[in-house]
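Below you'll find the structure, written out as structure tokens, and then a few comments.
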Amino acid sequence: MLRSHRRVLRALLPMVLSGCAGSQSLTDRLPMPGRDRYSEQLLAARMAEQSGELLRARKSYEELLKRHPDKVDLHHRLGVLCQKSGDEQAAISHLSRAHELSPTNVEVLCDLGYSHYLQGKTEQAVEVFRRAQQINPSHSRTQSNLGIALIDMGEISTAMTPLRQSMRAS
């Protein structure tokens, strides 16, 4: 069976099974040429990233970013991916842009701080982790990263508070 026929059947089957009570219109569910497939493409890029295909994932994120330049999740994932790949400048650039687009996103702040930390910018990392901590004091990853960065700076007694909090939150 042709691929397009399968997609049409997949779109129609839930409508047939749910009767007239379906909340989505039939035309919204049918595959259409040129329709934005952002979620599908993002999922494919995430799967490539998770399976270790970093180059393919990066290309996918970059292609999506051309069409969706203000998507926080694209800048966020691309920043993390760039850090994993050793492209530190691009990592900070994308994570900073994600933070600009979503200033209260603790996950973005935590990854931005961690990127600074990995690049040896421990003081900047601590600043970013503290901003994330102000937004969500119970975010365990922020607490543990802050504690590790403080230990790296020699502030062992100060580090104990966020480290204890991270253990309580986990």
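Could you list, in sequence order, the residues of segment 149-164 that are open to solvent by less than 80 Å² (accessible area, probe 1.4 Å) and closer than 26 Å to SER96 by Cα? Scanning segment 149-164 gives ALA149, LEU150, ILE151, MET153, ALA159, PRO162, LEU163. When SER140, SER93, SER102, SER85 are checked against the criterion of being within 30 Å of LEU55 (Cβ to Cβ) and open to solvent by less than 50 Å² (accessible area, probe 1.4 Å), SER102 stands alone in meeting it. Of all the criteria given as (1) under 14 Å from the mean Cα position of the chain (by Cα); (2) at pLDDT below 95, the one not satisfied by ALA159 is (1).
The values are calculated or read from the model by the stated rules, or taken from the named source; none is laboratory data. Treat the numbers as computed from the prediction; the structure is a model and nothing was measured. Every residue, glycine as well, gets a Cβ built from its backbone with ideal geometry; the counts of neighbours run over all protein chains shown. These accessible areas exclude ligands, DNA and RNA; they are computed on the full protein's heavy atoms, side chains included. Shrake-Rupley method; radii C 1.70, N 1.55, O 1.52, S 1.80 Å.
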